[in-house]
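Here, each number is a calculation from the coordinates, and none is a lab measurement. Just so it is clear, the structure is predicted and the values come from calculations on it, not from any experiment. All Cβ positions, even for glycine, are placed from backbone atoms using ideal geometry, and neighbour counts span all protein chains on display.
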Amino acid sequence: MSISRYFNENQLKGLIKTGDIILPGTNKSPSFSQTGCVLYIDRMLAYLTDDDLNGLRLVFGIFRWSPKWIIRFVLKGCKNNQNLPGFLGAGLRMLELGINGAVMSPYYANLCSADYKGPKVFDIIGWDAKMVVPDDVV
C-alpha cells in the first residue's frame, strides 16, 4: 500500500480508519475508503510544514492501532474544545483542523481511484463549478 511519499503504510491505514469514522458513507454517498481518495493524499501533504506533517504522521500512526471508540472519543473531544481551558482547547482545535483537513480535502476534491465505479462526490452534493454567462450580458 505504499502510495505516499509522506505517510508510511501504518499512517495511511490510520488515515483510512479515521476517514471512515468521519465519512462513513450513507445510502447515497460513499465512505472515505470506498472512493479511494487516499491515493491522492500527497497532493495535500506536499504543502504542509514539517511540524504539521510530523503531527499528522504521529496522530495517524497512533490511530492505526487504536480502537475506533478511542478515535471517536478524540474526535468528540476536538468538537467540544470550547469547553476546555487555554492550551488544551487550543491543542484540540489544531488537532481537529489537521485531522479534518487530511480527511475532507481529498474526499471533497472529487478524487477517486480508477477502481471506484459509484457516483462522485460532486454529483452527489450537486456541485458544478462551471461558469454560466447569461445571454443578455454578452
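Quick notes on this one:
- Looking across the range 87-138, the residues that are assigned to a helix (DSSP H, G or I), touching a residue at least 12 places away in the same chain (Cβ under 8 Å) and of a type in the set (Phe, Trp, Tyr) come down to 107, 122.
- Taking the range 119-138 as the range and being exposed (fewer than 14 other Cβ atoms within 10 Å of the Cβ) and either β-branched (Val, Ile, Thr) or in contact with a Pro (Cβ under 6 Å, 6 or more places away or on another chain) (or both) as the test, the residues that pass are 125, 132, 133, 137, 138.
- Unmet criterion (only one of (1) surrounded by 17 or more Cβ atoms within 10 Å (Cβ to Cβ); (2) assigned to a helix (DSSP H, G or I)) for residue 82: (1)
- Scope the range 1-46; condition surrounded by 21 or more Cβ atoms within 10 Å (Cβ to Cβ), aromatic (Phe, Trp, Tyr) and more than 11 Å from the chain's Cα centre (by Cα); matching residues: 7
- Of all residues in the range 47-56, those being closer than 30 Å to residue 118 by Cβ and surrounded by fewer than 18 Cβ atoms within 10 Å (Cβ to Cβ) number 2.
- Look at (1) over 23 Å from residue 30 (Cα atoms); (2) of a type in the set (Gly, Ala, Ser); (3) exposed (fewer than 12 other Cβ atoms within 10 Å of the Cβ) and you find that residue 114 fails only one, number (1).
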